[in-house]
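Report on the following structure.
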Amino acid sequence: MRRHIVVLAIIAFGVYYFGFRPNELDKLMKPAAAAPVDIKAQDQFVDPDYSRRPINDRDFAEADRFTVVYYHWDSCPGCKRLDTDIKELLQLRGDVVVRRIALANDWSTNGALRDFGRVIGHTPFVIIYGPDRKVVVKDDGRNSKAFDLLYDWINAEMRRAWEAKNKNKGAPAQTRVAGDATVR
């Protein structure tokens, strides 16, 4: 009898955790209370002050806005694709800002650990902060969870905008596929 109760409790917890608990994408889809800002102010390329090491990417997060911080490498095809695709998100959401942090052309995992206090095993390396300046999701080492979520977010916002524009037309919405990440 006790085994059945334990099994039912585990099942109930699983239903709650996976069915009712808001996931990261749900959190990102709710607009922050901030007023829209100029697109140029939303998308900034940040040159870190390398004399102050380690550089804390949380310093780039803005209060009352979602902030996408990503480490950018000029030779990275995924970074170039993200540069283009993120502009669509910025046009749809005035409460989102992007901070691109330039990595040196000769960057390495050890150099990134020294400069940023974290392992950057691939580019683009993405961290998404909420309006409270707390991490919503971040890539970790060779894991690209935040990069994948960022593309899910871009697709969901594009789909929502398309559906609002074409309520009665019936054609399926277009989606983007995440660009390739460059692994070092």
(message) If I go through segment 132-148 residue by residue, how many of them are more than 16 Å from residue 71 (Cα to Cα), touching a residue at least 12 places away in the same chain (Cβ under 8 Å) and out of contact with any Phe, Trp or Tyr (no Cβ under 9 Å at 6 or more places or on another chain)?
(response) 2
(request) Could you pull out the residue among 51, 75 that is at pLDDT 80 or above and exposed (fewer than 13 other Cβ atoms within 10 Å of the Cβ)? (result) 75
(request) Filter segment 88-108 down to residues that are over 17 Å from the mean Cα position of the chain (by Cα) and closer than 16 Å to residue 70 by Cβ and give me whichever is most open to solvent (accessible area, probe 1.4 Å). (result) 104
(request) Return the only residue of 152, 132, 180 being among the acidic types (Asp, Glu), at pLDDT 80 or above and either touching an Asp or Glu at 6+ places or on another chain (Cβ under 8 Å) or assigned to a loop (DSSP other than H, G, I, E, B) (or both). (result) 132
(message) Looking at the structure I just gave you, is residue 63 assigned to a loop (DSSP other than H, G, I, E, B), under 22 Å from residue 145 (Cβ atoms), modelled with pLDDT of 65 or more and of a type in the set (A, V, I, L, M)?
(response) no
(message) When you check residue 74 against the structure, is it on the phi > 0 side of the Ramachandran plot and not in a helix (DSSP H, G or I), yes or no?
(response) no
(request) Return yes or no: is residue 118 surrounded by 13 or more Cβ atoms within 10 Å (Cβ to Cβ) and either β-branched (Val, Ile, Thr) or modelled with pLDDT of 80 or more (or both)? (result) no
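The values are calculated or read from the model by the stated rules, or taken from the named source; none is laboratory data. Just so you know, these numbers come straight off a predicted model, no measurement behind them. Cβ atoms come from the backbone with ideal geometry, glycine included; neighbour counts cover every protein chain shown. With ligands, DNA and RNA removed, areas are computed over all heavy atoms of the protein, side chains included. Shrake-Rupley method; radii C 1.70, N 1.55, O 1.52, S 1.80 Å.
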